[in-house]
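Here's the structure, in structure tokens; my notes come after.
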Amino acid sequence: MHLTDSDDSGLGEPTLDLLTELLRRADFRVAEPRVHSLEGPWAVELPRASLLLFILRGRCSVWPEGERHPRGLAKGDLLLTSGTIRCVLQRFGPRLGAAGTFDIDAGESLDVPFFPGRSEEDVQLLAAEVRWTLRPLDALTPPPWIVIGRSSLSLRHDRQTLHEALAEEILAVRLGRTAAIQRLLEAMVIRALRIELVTGFWRVSGWLGALTDPVLRTGLGDALDLASVRSVRALAEHAHRSVRRLSVRVKCISGVRPRKLLSRLRMADALEALEQPAPALRAIARAGGFANVSSFCRAFRREIGCSPAEYWRRRHQRAFPRASE
């Protein structure tokens, strides 16, 4: 775990870069987007999947389940849903009954030129699935739904904004167009999640969610590395809390006991180290605070369900380099 300088969230002190940690653990990416044109009095239910919608033209509304009022969407707005609740997307205006399910694959490929619709009432949008390839440990749970406006996603005014760069790529067919659009959308999603995380409306669940707590963030951040936090008492000392108060806090936030939290954090760092082409088990065990490679391998098997060598073989599709053990 590393400390980073604060971003544009307005926090004046160094903070654990939780969002980078979350996205790295989740292997986040945006699938190939497609252009959808919606005409007439339409209303569709969004699929139960992580979905990104970026409005290119026109106005529409999203009705999340349980909400009494819709959220309006206009050109330049970004809608991100996790699929955990029912959401209906419809033409701007009075509420309509959903006439079917939105089909992501029914849109136009970006391999063909994009032509804006003729009518101002027509809606054109980019739609793509947001894929989170989860690791063996708990990873990112996206917020149920968020809408981020154009002004929140723009970069500095004296430079090209993300929207301008995206519009330039959409309107011109050229080399690398699809890949460029995907990366720009990924950048927009990251900025949207950052805004949501900073405002406090998005509570990340599980052991990574515990890192959003200021007390635990202080305890783990001040330690700089997990090898120095060998026990719950050591974590309590770094967090300036009693063992009892810390235990109650960790259990309430993360759903696990402090010892389990520390174990999962060590395993998360070990999994990251095992992404290397020739990992050294002795170095990984030492960095995690284990007495030797054998104790590390036993703890790894308990948490992950296989040995470090077997995990490495599954990830890299080849035999584990014995010289690295």
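What is the sum of charges around PHE28, taking Lys and Arg as +1, Asp and Glu as -1, for the other residues whose C-beta is under 10 Å from the C-beta of PHE28? Surrounding charge for PHE28 is +2.
Set the Förster distance to 25 Å, then compute FRET efficiency between ARG301 and SER231 from the Cβ-Cβ distance, nearest 0.05. Display every interim value, and only then the final one.
On the way: r = 22 Å, r/R0 = 0.87.
After rounding to 0.05, the efficiency reads 0.70.
Count charges around ILE55 for me, please; just the other residues with Cβ under 10 Å from its Cβ, Lys/Arg as +1, Asp/Glu as -1. Intermediate results must be reported in sequence, preceding the final value.
Working: positive: ARG57, ARG59, LYS75, ARG150; negative: ASP77.
Net local charge, ILE55 excluded: +3.
A protection proxy built from the mean count of other Cβ atoms within 10 Å ranks the segments 59-71, 101-113, most packed first, as 59-71, 101-113. If the segment from GLU32 to GLU108 were pulled out straight at 0.36 nm per residue, it would be longer than the present Cα-Cα gap by 26.3 nm.
Shown is the FRET efficiency for GLU310 and GLN276, computed with R0 = 22 Å from the Cβ-Cβ distance and rounded to the nearest 0.05: 0.85.
For region 235-320, the percent of C-alpha pairs falling in each 10 Å distance bin, counted from 0 to the bin holding the largest distance, reads 17, 42, 27, 12, 2.
Expressed per residue, the C-alpha convex hull volume of region 21-112 stands at 123 Å³. Modelled label positions at LYS251 and THR101, each set 7 Å beyond Cα in the direction of Cβ, lie 4.1 nm from each other.
Readers should treat all values here as calculations from the given coordinates under stated rules, not as data from a laboratory. Just so we're clear, the structure is a prediction, and the values are computed from it rather than from any experiment. When we count neighbours, we look across all protein chains shown, and the Cβ atoms used for this are built from the backbone with ideal geometry, even at glycine.
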